[in-house]
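The values are calculated or read from the model by the stated rules, or taken from the named source; none is laboratory data. Just so it is clear, the structure is predicted and the values come from calculations on it, not from any experiment. Methodologically, a virtual Cβ is constructed for each residue, glycine included, from the backbone with ideal geometry; neighbour enumeration extends over all protein chains shown. Quick note on the areas: whole protein, heavy atoms, side chains included, nothing else; ligands and nucleic acids left out. Shrake-Rupley method; radii C 1.70, N 1.55, O 1.52, S 1.80 Å.
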Amino acid sequence: RLQGDWSSDVCSSDLFAPFFLLLLLAQTIWAQLSITVTSIPANTPDGAQIYIAGNFNSWNPGSAAHVLTPAGNGSYTIQLTGLSAGTVEFKFTRGSWATVEGNENGSFMPNRTFAYTGAPAGINLSILSWEDLGGAPAHTAAANVQILSNNFYMPQLNRNRRIWIYLPPDYETSGKNYPVLYMQDGQNLFDAYYSFAGEWQVDETLNQLFEEQSNYGLIVVGIDNGGTQRINEYSPWVNPTYGGGDGDDYANFIVNTLKPYIDTNYRTLSSREHTGIMGSSMGGLISLYTAIQYQDVFGKAGIFSPSFWFSAQCYNHVLSIGKQYDMRIYLMAGGSEGFSVIPDMLMMYNTLLNSGFSADELHYVTPTDGTHSEWFWAREFEDAYLWLYNNSPATSATPMVQFSAPTVFPNPASEVIYVQLHAPVTQARVQLYSLQGQMVANRTITSADTQTIDISALVAGIYLLQVTLNQKVLYSQKLAIFE
């Protein structure tokens with residue numbers, strides 16, 4: 001907006017033209033994705049503000065920077081800037097997950113998605129209902145899921161929190177002791193009625209596996225996130241834009257308050273070999289932090305679609321502590337999540353290797369269709385559980401096949417790189433990612449001879465290279481390309 005009184009200045013239209021051209025250019029660059037809500041539910045409270053939460057703002061439902069602006073005639077607009085090309089996922093709220101939008105029946109609605117190309121774009125949408133005002137989904141928790149407490153005290157944070165517990169189907173009759181898994185975002189694990197983005201169906205999955213005799217039995221402890229405190233609690237490091245900083249106290253709560261309570265009041269296998277922690281997104285960040293920080297307590301970690309972008313200190317944390325005990329760490333993200341989720345996770349995989357963990361202790365998978373959503377994490381939960389807990393009592397472990405890392409050279413490189421596979425691997429896939437998460441090379445190679453990969457068309461810079469076999473990462477490293 002122009003400031004001051006320009007009416008007394010003697011200016012020709014020729015002088016104004018460059019200014020307005022620059023203004024239009026700036027608007028084109030800055031207004032990367034314009035979203036207009038053309039209508040909202042009739043029962044929307046007067047004066048309510050409409051927010052947008054998504055994978056571009058760490059799913060903060062009440063971000064002051066993401067309030068839509070009333071545009072007249074009942075419509076609202078917002079312009080999202082600084083986006084990278086990829087899938088944008090989002091939902092509308094009235095400031096919290098308790099006031100999230102719903103479907104036409106007032107029930108749960110999956111995340112909205114938009115395939116953003118990186119060019120300026122605009123979309124028009126309608127909000128059909130609010131879950132808290134238009135009905136709610138039915139309760140879906142199995143009979144062996146209980147709310148342990150609605151107000152479990154967290155002395156390290158001076159807060160209270162709802163805690164869930166899943167007990168194996170034979171808990172009341174077996175007399176057995178069971179492994180335990182501590183999970184974040186408890187309201188999304190068992191019961192769609194309480195979820196803010198769909199549920200993981202943890203109880204249904206474990207009950208089905210138990211019926212199929214693929215599951216010795218597992219106690220799952222679900223910890224509700226703190227709503228407005230979620231980001232603060234799920235990172236020990238502060239992000240200047242989004243917050244954080246309470247993560248160390250939160251991890252301390254799990255280890256020194258919640259776990260002792262569970263071990264005292266339930267029949268658990270309390271040793272680290274039978275204790276795991278799991279979470280997604282920011283929950284994945286705090287789960288890995290807690291597992292690394294307390295390796296004497298946790299022997300397993302399930303890290304889904306982790307928000308390692310939140311703070312680069314997560315890598316330094318792993319390097320500084322290093323491997324202290326044998327662990328099993330399951331790293332998983334979807335190929336359709338967009339942004340830098342997979343490259344960041346690949347960097348963490350490599351950091352864990354550099355910190356002393358072996359490839360056999362790490363499981364790295366990137367299903368191509370996966371998005372940053374509960375339905376995806378629900379689908380992948382079974383595989384993660386079976387891999388993490390395959391050494392549970394009375395469950396035979398699947399022998400790990402030993403692979404030799406392929407040879408990749410030179411690094412740095414300019415025109416080509418060479419990749420040589422080693423027995424028993426006879427075929428693998430070589431992939432290159434930019435630091436923005438875009439795949440720039442994808443090729444299947446065989447062990448017949450040293451394979452040549454042409455990189456002459458790539459812009460000079462740092463890339464992430466991985467060699468995979470059946471979604472298992474055999475090799476990962478940064479690759480420097482120069483002109």
Per the Debye formula with a single identical scatterer at each Cα and no solvent contribution, what log10 I(q)/I(0) holds for the chain at q = 0.10, 0.13 Å⁻¹?
-0.83, -1.27
Two pseudo-spin positions, 7 Å from Cα along C-beta at Glu104 and at Thr140, lie apart in nanometres by 2.0 nm
Pseudo-spin-label distance Ser320 to Trp375, built 7 Å along Cα→Cβ, given in nm, is 4.1 nm
To the nearest 0.05, how large is the calculated FRET efficiency for Asn73 and Thr426 if R₀ is 51 Å and r is the Cβ-Cβ distance?
0.20
Could you work out how far apart the two model spin labels at Asn151 and Ala405 are, taking each label as a point 7 Å from the Cα in the direction of the beta carbon, and quote it in nm?
5.4 nm
Result row for the chain, helices from DSSP H with C-alpha axial extent 24 Å or more and mean Kyte hydropathy at least 0.5, is 13-30
Based on the Cβ-Cβ distance of Ala48 and Thr241, what FRET efficiency does E = 1/(1 + (r/R0)^6) give at R0 = 25 Å, to the nearest 0.05?
0.50
Segment 161-187 scanned against label point 7 Å out from Ser271 along Cα→C-beta; backbone N under 19 Å for 176-182
Quick check for you: with a 1.4 Å probe and neighbouring chains kept, what is the accessible area per residue of segment 160-229, in Å²?
32 Å²
Which shape class, rounded, prolate or oblate, goes with segment 51-111 when its Cα gyration tensor gives a ≥ b ≥ c as root eigenvalues, a/c under 1.5 marks rounded, and past that a/b bigger than b/c marks prolate?
oblate
Gap in Å between the Cα centre of segment 58-120 and the Cα centre of segment 411-454?
39 Å
Which GluC sites (Glu not before Pro) does segment 35-119 hold that lie in a coil by DSSP with at most 14 other beta carbons within 10 Å?
Glu104
For Leu125 and Thr38 in one chain, what is 0.36 nm times their gap in residues minus the Cα-Cα distance, to one decimal in nm?
30.7 nm
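Given the rule -39500 (n - 2.57) for each run of at least 4 DSSP H residues, summed and divided by the residues of the chain, what is its mean residue ellipticity at 222 nm, to the nearest 500 deg cm²/dmol?
Value at 222 nm, helices only: -6000 deg cm²/dmol.
Given a cut-off of 31 Å, name the pairs among Lys259/Lys323; Lys323/Lys478; Lys91/Lys478 whose C-alpha atoms lie farther apart than that in the structure shown.
Pairs exceeding the cut-off: Lys91/Lys478.
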Taking H placed 1.01 Å from N in the peptide plane, check which residues at least 5 places from Thr77 or on another chain put their amide H under 5 Å from its amide H.
Val37, Thr69, Ala71
Figure the gain on full extension for Ala65 and Tyr418 (residue separation times 0.36 nm, minus the Cα-Cα span) and round it to one decimal in nm.
122.4 nm
Report the dimensions of segment 146-262 along its three principal axes from the alpha-carbon atoms, largest first, rounded to Å.
48, 30, 23
In Å, the C-alpha Rg and Dmax of segment 322-385 are 12.5, 35
Give me the percent of the accessible area of the chain that comes from carbon and sulfur atoms, probe 1.4 Å, all protein chains in place.
51 percent
Let me check the size of segment 248-380 from its C-alpha atoms; what are the radius of gyration and Dmax in Å?
14.6, 43
